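Trainee: My questions all concern the structure below.
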Amino acid sequence: KYDPEELFDSGVENLKKEITGTRRKIRTISINKFPILMEGKYAENNNKEYRDIGVAVLEERAQKVRENQNFHEKVGEALALQLEERIEEGAQKPKYLEERLYDGFASKRDEYLEDQFHEAKWDEKLGICSDIEDDRLRRYGKRMIFYESRDSLPPKVRKEVEEDIWMRARGIAEGDESKKPDALQSQFSKSMKELDDERESAFKENDQDKLDRLEEIDQFYIDLQKQYENLS
């Protein structure tokens, strides 16, 4: 809702303040805590402040942010500095791959290989990915191939990615060889418990439509667990 041009010329330190301040203009979204996203046209209907600004102005501002690559890079540096300071102050180091997005920067060589990776055909991507030095980028690359063209991966690499996903789905911290769920606990177990609670509520309300929908979701979770049960 703020005019981004006010921030475009700011230095990294000032941007860091805009990320962490009480009246911050740059907001971050916690991993796996997604807000409800709707088309911009609905902003005017539910928020007086946005209605006063107008959707056209909001969309124009969003476009300016999308097009300013230098601003993207400076915000990335500010987030990385914020993470380093939190770790120095005793905050727990990120445990999961997606939480390590700003845990340092890629080398120029890896940036070049990233570009080559995105331009390559699916059956060529793994070779490029294997040459990347940054472990985060290598694993992200393998996941991307797995989701978009898993037949391009040899069985050994495919199993490696499947195990990575299996452990993350259960909230198991990286490097925890005992494979015991940490404080985030097993996402499968948590989801199944919530599903059981919803089913009990629907049963009491005699809501057959809701029960049918919950049954479909339940079957989805069962199929998902079966897909990775051989990795346990």
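Per-residue answers, yes or no, for (1) at pLDDT 70 or above; (2) within 26 Å of GLU77 (Cα to Cα); (3) not hydroxyl-bearing (Ser, Thr, Tyr):
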{"residue": "PHE8", "(1), (2), (3)": "yes, yes, yes"}
{"residue": "GLY11", "(1), (2), (3)": "yes, yes, yes"}
{"residue": "ASN14", "(1), (2), (3)": "yes, yes, yes"}
{"residue": "THR20", "(1), (2), (3)": "yes, yes, no"}
{"residue": "ARG24", "(1), (2), (3)": "yes, yes, yes"}
{"residue": "ARG27", "(1), (2), (3)": "yes, yes, yes"}
{"residue": "ARG51", "(1), (2), (3)": "yes, no, yes"}
{"residue": "ARG61", "(1), (2), (3)": "yes, yes, yes"}
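Trainee: Against the definition (charged (D, E, K, R), assigned to a loop (DSSP other than H, G, I, E, B), in the same structural domain as ILE19 (by TED's automatic domain parsing) and modelled with pLDDT under 75), how does LYS41 come out, yes or no?
Mentor: Working: charged (D, E, K, R): yes; assigned to a loop (DSSP other than H, G, I, E, B): no; in the same structural domain as ILE19 (by TED's automatic domain parsing): yes; modelled with pLDDT under 75: yes.
So LYS41 fails the test.
Trainee: Closer than 29 Å to LYS17 by Cβ and either outside the structural domain of ASP9 (by TED's automatic domain parsing) or at pLDDT 90 or above (or both): which single residue out of ARG100, ARG138 fits that description? Explain how you work it out, then say what you get.
Mentor: Values: ARG138 fails: closer than 29 Å to LYS17 by Cβ.
Only one candidate qualifies: ARG100.
Trainee: For VAL57, state whether it is surrounded by 12 or more Cβ atoms within 10 Å (Cβ to Cβ), under 18 Å from the mean Cα position of the chain (by Cα), at pLDDT 65 or above and not in a loop (DSSP other than H, G, I, E, B).
Mentor: Working: surrounded by 12 or more Cβ atoms within 10 Å (Cβ to Cβ): yes; under 18 Å from the mean Cα position of the chain (by Cα): no; at pLDDT 65 or above: yes; not in a loop (DSSP other than H, G, I, E, B): yes.
Against the criterion (surrounded by 12 or more Cβ atoms within 10 Å (Cβ to Cβ), under 18 Å from the mean Cα position of the chain (by Cα), at pLDDT 65 or above and not in a loop (DSSP other than H, G, I, E, B)), VAL57 does not qualify.
Trainee: Would you pick out the residues in segment 62-83 that are touching a residue at least 24 places away in the same chain (Cβ under 8 Å) and of a type in the set (A, V, I, L, M)?
Mentor: Correct list: VAL65, VAL75, ALA78, LEU79, ALA80, LEU81.
Trainee: I would also like to ask the following. So which residues in segment 188-206 are surrounded by 15 or more Cβ atoms within 10 Å (Cβ to Cβ) and farther than 25 Å from MET167 by Cα, if there are any at all?
Mentor: GLU198, ARG199, ALA202
Trainee: Confirm whether ASP110 is of a type in the set (Asp, Glu), modelled with pLDDT of 65 or more, surrounded by 12 or more Cβ atoms within 10 Å (Cβ to Cβ) and under 30 Å from ARG138 (Cα atoms).
Mentor: Values: of a type in the set (Asp, Glu): yes; modelled with pLDDT of 65 or more: yes; surrounded by 12 or more Cβ atoms within 10 Å (Cβ to Cβ): yes; under 30 Å from ARG138 (Cα atoms): yes.
Yes; evaluated as a whole, the condition is true for this residue.
Trainee: Okay, moving on. PHE188: modelled with pLDDT of 80 or more and hydrophobic (A, V, I, L, M, F, W, C), yes or no?
Mentor: no
The values are calculated or read from the model by the stated rules, or taken from the named source; none is laboratory data. Note that the coordinates shown come from a computational prediction; the quantities given were computed from them, not determined experimentally. Here the Cβ is made from the backbone with ideal geometry for all residues, glycine too, and neighbour counts use every protein chain on show.
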